[in-house]
Amino acid sequence: MIFELAKIQQGISKFRFQLTAAELELDYCKEAFTEAIVFSGQTNRSGDEIIVKGTVATKMKVQCSRCLKPFYYELAADVEFVVKTQDKGPDNVIVWDEDYVIVDHYGTLDTASLLRDLILLELPLHPLCDQNCKGLCPICGKNLNEGPCSCEREDIPSVWGPLERIKEEKITKKIEVKDGSTKKKTLKSAE
């Protein structure tokens, strides 16, 4: 996505661009993008300064990390940076992760790298089709969201078992009375 700075007018101007995965060098996962990548927002030019605010959004087909079922994930990320135009500045600038960029008055600004990085950073590491996804049975592989399986599982003891037993037991504590003697008092653990 390239902005030609000489064409951006003073004041607020809206923009909307539709991009493909190939344009953002996301060819290796282009099948995942079920809709165009949309970069929309506004520019606000005041003298030699341009403020760009927008959103990059798309819909992707991803696979649940628990049940392996494919589902659609809506992705959106905010974009904001400031451009300072000046005489004899760089002609063509690629915006990467800068918040402030200096460019020639008649130069161009390429935001493809920035948009690609924002999309990649917004992708969840472990996408879930639902927060309550039960996943797959570790024995037979059945999707447990569709119902229970008939596998017999032996109960695996909890690693917290010894601590849970201590919590359940009564605790005896010595309490010192004002006259110097001690008494034993039985306390139940607090829950």
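Structure notes:
- Applying the criterion of being within 24 Å of Q18 (Cβ to Cβ) and among the acidic types (D, E) to the residues of the range 98-143, the residue that is modelled with the lowest pLDDT is D110.
- Qualifying residue in the range 149-164 (condition: surrounded by 13 or more Cβ atoms within 10 Å (Cβ to Cβ), at pLDDT 80 or above and in contact with a Cys (Cβ under 6 Å, 6 or more places away or on another chain)): yes
- Top-ranked residue in the range 43-71 [being within 25 Å of P148 (Cα to Cα) and assigned to a strand (DSSP E or B); ranked as farthest from the chain's Cα centre (by Cα)]: P70
- All of T34, T55 fail the test of being hydroxyl-bearing (S, T, Y) and out of contact with any Lys or Arg (no Cβ under 6 Å at 6 or more places or on another chain), apart from T55.
- Within the range 1-30, residues that are under 21 Å from I51 (Cα atoms) reach partners that are part of a strand (DSSP E or B) and of a type in the set (K, R) with beta carbons closer than 8 Å, at six or more positions or on different chains, in the pairs I8/R45; Q9/R45; Q10/R45; G11/R45; S13/R45.
The values are calculated or read from the model by the stated rules, or taken from the named source; none is laboratory data. What you see is a predicted model, and the numbers here were worked out from it, not measured in a lab. Methodologically, a virtual Cβ is constructed for each residue, glycine included, from the backbone with ideal geometry; neighbour enumeration extends over all protein chains shown.
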